[in-house]
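Only one structure is covered here, and it is reproduced in the block below.
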Amino acid sequence: MTVLPRLDLAAIDPAGTGPFADKEAAAAQLAVDAKAIGALQDRLHAEGTRALLVVLQGIDTSGKDGTVRGVFGEVGPIGVAVTPFGEPTRTELAHDFLWRIHAAVPRRGMIGVFNRSHYEEVLVVKVRNLAPAAAVERAYGQINDFERLLVETGTTVLKFMLHVSKDEQRKRLEERRRDPEKRWKFNPRDLEDRGSWDGFATAYQTMLDRTSTDWAPWTVVPADRKWARNAIVADRVRKTLEAMDPKYPDLDWSGQEFSVP
Ligand code: ADP
């Protein structure tokens, strides 16, 4: 395994804007990138041999849903499959933690987006002590092996950690409570998790240290400014699809003797 540069959460400013000077510049680039992602997905679908999996992780209010809307809004509804992972059901708990995940990975030709993912096993499960420590410890290697299997069988894996500050989360949670159109999203459990802020920060850092691999690297995305967050993710998704360079099948019907009635 190649040693990747360490992603140090404490050194990454959640209010950062990446390569974008201001909101206007980011919005303009996002519009271009979102369209390009739509066109590239069409080629991926026509080619039909490979898939892209985009994993979104981040604490409550980090903007996972908003990222999906902003980045994949130009992909036709048939081309992208978004799967949210909440608390496991009884059936899911009766299996290994990757069972429900593997069932949801994108089929060839598709972009799959995970809103939360198998990483909950080394985040919420670890912080709330929902499984024995030894099982969590084993999960890092199991995740790396699983992602390697996906990559070796034709699925490119991109992982984004949406990095929001404690102060910005307070603002967003308060807004959720106040705004009648956002109140439905408010869950007292979110406050409990906020109470474990340091535990989650440590678990996220360990996750980055142990699961950022050369076959499935993490990108830490500053998420205090929604416009920067979306533009940074879109830029990475577009560049990844461009590097995959999916091609329309080279079909030539010109020598065939038939006419369309
Ligand atoms: P979100 O907060 O992502 O908008 P929900 O309100 O449905 O969506 O919350 C999902 C909840 O499920 C989160 O609190 C998350 O920590 C929890 N969750 C996800 N995966 C697991 C898991 N494997 N074990 C326990 N809890 C999980």
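The values are calculated or read from the model by the stated rules, or taken from the named source; none is laboratory data. Just so we're clear, the structure is a prediction, and the values are computed from it rather than from any experiment. No Cβ is skipped: glycine too gets one built from the backbone with ideal geometry, and neighbour counts run over all protein chains shown.
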>> If I filter region 11-32 down to residues being loosely packed, with under 13 Cβ neighbours inside 10 Å and in contact (Cβ under 8 Å) with a residue 12 or more places away in the chain, which single residue comes out as farthest from MET207 (Cα to Cα)?
In response: PRO19
>> I'd like the full set of residues that are among the basic types (Lys, Arg) and near the ligand (Cβ under 8 Å from one of its atoms), limited to region 117-138.
In response: ARG128
> What are the residues in region 126-144 that are free of Cβ contacts under 8 Å to residues at least 60 places away in the same chain, buried (at least 19 other Cβ atoms within 10 Å of the Cβ) and either under 16 Å from GLY199 (Cα atoms) or in contact with a Gly (Cβ under 6 Å, 6 or more places away or on another chain) (or both), if any?
Replying inline: VAL136
> Looking at region 185-196, which of the residues that are at pLDDT 90 or above and either charged (D, E, K, R) or within 17 Å of GLY86 (Cβ to Cβ) (or both) is farthest from the chain's Cα centre (by Cα)?
Replying inline: GLU192
> So ARG108 fits all but one of (1) surrounded by fewer than 21 Cβ atoms within 10 Å (Cβ to Cβ); (2) of a type in the set (Lys, Arg); (3) within 14 Å of the ligand (Cβ to nearest atom); what number is the exception?
Replying inline: (3)
> How about region 70-90: which of its residues are within 13 Å of the ligand (Cβ to nearest atom) and either outside any loop (DSSP other than H, G, I, E, B) or touching an Asp or Glu at 6+ places or on another chain (Cβ under 6 Å) (or both)?
Replying inline: VAL82, THR83, PRO84, ARG90
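Residue-wise test of (1) part of a loop (DSSP other than H, G, I, E, B); (2) surrounded by 15 or more Cβ atoms within 10 Å (Cβ to Cβ); (3) without any contact (Cβ under 8 Å) to a residue 60 or more places away in the chain.
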position: ARG176; (1), (2), (3): no, yes, no
position: ASN230; (1), (2), (3): no, yes, no
position: VAL237; (1), (2), (3): no, yes, no
position: ALA243; (1), (2), (3): no, no, yes
position: PRO246; (1), (2), (3): yes, yes, no
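Residue-wise test of (1) closer than 21 Å to ARG6 by Cβ; (2) modelled with pLDDT under 95.
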{"position": "ALA135", "(1), (2)": "no, no"}
{"position": "ILE143", "(1), (2)": "yes, no"}
{"position": "THR155", "(1), (2)": "no, no"}
{"position": "PRO180", "(1), (2)": "no, yes"}
{"position": "LEU208", "(1), (2)": "yes, no"}
>> For region 180-237, give me each residue that is farther than 19 Å from ARG69 by Cβ and among the charged types (D, E, K, R).
In response: ARG183, ARG189, ASP190, GLU192, ASP193, ARG194, ASP198, ASP209, ARG210, ASP214
> What residue, of THR61, THR83, THR49, THR89, is among the hydroxyl-bearing types (Ser, Thr, Tyr) and under 21 Å from GLU152 (Cα atoms)?
Replying inline: THR49
